[in-house]
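Report on the structure given below.
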Amino acid sequence: MFRFFRLLCWTAFGFPYVLVAQPSSDAAFSDEAPLQLIREQCEVFPEGTQLAMAFLNEGKVHFMGFQRMGDSLVEIDNRTAVFEVGSITKVFTSTLLAQAVGAEQVQLDQDIRTLGLEKLWVKDSISLLNLANHSSGLPRMPSDIFLTPNIDHQNPFKGYTGEILEAYLAEKVHLDHPPGEQYAYSNLGAGLLGYLLAKQADMNYPELLQRQIFDPIGMKNSGCERADFPDQVVPALGVTGDTVPHWDWQSLAGAGVILSTVEDLGKFVKQHFEQEDAALNLTREPTLRVSPKLNIGLGWHIIRGKDNREVHWHNGGTAGFSSHLSMDMETEQAVIILSNVSAYHPKMRRIDQMGFRLLKRL
């Protein structure tokens, strides 16, 4: 547990000061510079903002939690608080794909038409791999998503059923580029991957996640339904700190539906570090070269920095949440940040910036 700080706040004159205790023997960091970084990065976020953090280093998991209260950033214990993780879900969807490949239920190069999409509008062959590494050519979002009857623009995926998705793919969809040729991030592609894997397994996506990943790893506070965690879900905050609706994903659940905690995501990362799970190992393998500094695995973005350090990374964002997960397989170090900072906040990129900078300091 990270104990060497109790409160970061502003004086009445607007000058910051830090109240510091002695670092504990199991602290994630050896100095207080990371605390200054966290304060500086978070000062632009609204009242009520929560940050839950986990740091994996030297075989241990350290937790930190903060909440903005007035002009202060106060330490809280929120390791089991439940947040929307947004697009970090895509890493789990790709893990389900890797598991199905290992069980010889599907193949990476399998055409999605063979999984119940015989009426796909486009002539090109799109593989499961194309969906997982964002090379399918599918648009970022279905072009008809805001034309769904009774659409709630604050909860855009709600109401986009499997029937609507399949009709869109059979009648309307057009590719932005030929499959396999280039990287173009697609919520539609990742959501479709989850939809097809669940259909192939003859169950819904939340059930498949629970059986294949959450239960085996012991992720007891992770799921897809807020009702399962009535007292743990953190309020979704808009740009100005007002509460906004949580998102419901329906047919595109594989793109962003997961609710989780830093404690549970820490368990998931530890499974990667043990390198004994063939499916997890497969997800980290590069499958698409985007640039000398970026490759794509199955779901993971594999970044090589100026220091030549390779980091597996994904982030996430919804109307009321932003998240970050980065891990270095060589050093077995990782940073997880869950927050209720809106993805629409003009400074939401600070969550990722903070995560990468903290990873360097571990």
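Quick notes
- Hits in segment 143-179 - residues which are surrounded by 14 or more Cβ atoms within 10 Å (Cβ to Cβ) and touching a residue at least 60 places away in the same chain (Cβ under 8 Å): Gln154, Asn155, Pro156, Phe157, Lys158, Gly159, Tyr160, Gly162, Ile164, Leu165
- Looking only at segment 208-249, residues that are part of a helix (DSSP H, G or I) and at pLDDT below 95 come to 0 in all.
- Taking segment 127-152 as the range and being farther than 18 Å from Gly194 by Cα and either within 20 Å of the chain's Cα centre (by Cα) or polar (S, T, N, Q) (or both) as the test, the residues that pass are Ser143, Thr148, Asn150.
- Segment 46-77 - residue that is of a type in the set (S, T, N, Q) and open to solvent by 10 Å² or more (accessible area, probe 1.4 Å) and, of those, farthest from Phe273 (Cα to Cα): Ser72
- Residue pairs whose Cβ atoms lie under 6 Å apart, sitting 6 or more positions apart in sequence or on different chains, and linking a residue in segment 110-124 that is β-branched (Val, Ile, Thr) to a partner that is modelled with pLDDT of 85 or more, are Ile112/Ile126; Val122/Leu175.
- Considering segment 78-100, and only residues there that are among the polar types (S, T, N, Q) and within 23 Å of Glu47 (Cβ to Cβ), the residue that is most open to solvent (accessible area, probe 1.4 Å) turns out to be Thr80.
- The single condition among (1) over 25 Å from Asp77 (Cβ atoms); (2) open to solvent by less than 30 Å² (accessible area, probe 1.4 Å); (3) at pLDDT 95 or above that Tyr344 does not satisfy is (2).
So that you can scan it fast, the table gives a plain yes or no per residue for (1) at pLDDT 90 or above; (2) over 19 Å from Tyr185 (Cα atoms); (3) in a loop (DSSP other than H, G, I, E, B):
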{"position": "Gln107", "(1), (2), (3)": "yes, yes, yes"}
{"position": "Arg113", "(1), (2), (3)": "yes, yes, no"}
{"position": "Lys119", "(1), (2), (3)": "no, yes, yes"}
{"position": "Leu129", "(1), (2), (3)": "yes, no, no"}
{"position": "Ser136", "(1), (2), (3)": "yes, no, yes"}
{"position": "Arg140", "(1), (2), (3)": "yes, no, yes"}
{"position": "Ser143", "(1), (2), (3)": "yes, no, yes"}
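- The set of residues from segment 336-362 being in contact with a strand residue (DSSP E or B) (Cβ under 8 Å, 6 or more places away or on another chain) and of a type in the set (D, E, K, R) comprises just one member, Asp352.
- Residue among Arg349, Arg357 that alone is surrounded by fewer than 19 Cβ atoms within 10 Å (Cβ to Cβ), touching a helix residue (DSSP H, G or I) at 6+ places or on another chain (Cβ under 7 Å) and not polar (S, T, N, Q): Arg357
- Being closer than 30 Å to Pro230 by Cα, assigned to a strand (DSSP E or B) and not small (Gly, Ala, Ser) is a property that does not hold for Leu96.
- Residues that are surrounded by 24 or more Cβ atoms within 10 Å (Cβ to Cβ), among the hydrophobic types (A, V, I, L, M, F, W, C) and either under 8 Å from the mean Cα position of the chain (by Cα) or outside any strand (DSSP E or B) (or both), drawn from segment 296-325: Leu298, Trp300, Leu325
The values are calculated or read from the model by the stated rules, or taken from the named source; none is laboratory data. Keep in mind the model is a prediction, meaning the values are calculated, not measured. For neighbour counting, all protein chains shown are included, and Cβ atoms are generated from backbone atoms with ideal geometry for every residue, glycine included. We work out accessible area using only protein heavy atoms, side chains counted, and drop any ligands, DNA or RNA first. Shrake-Rupley method; radii C 1.70, N 1.55, O 1.52, S 1.80 Å.
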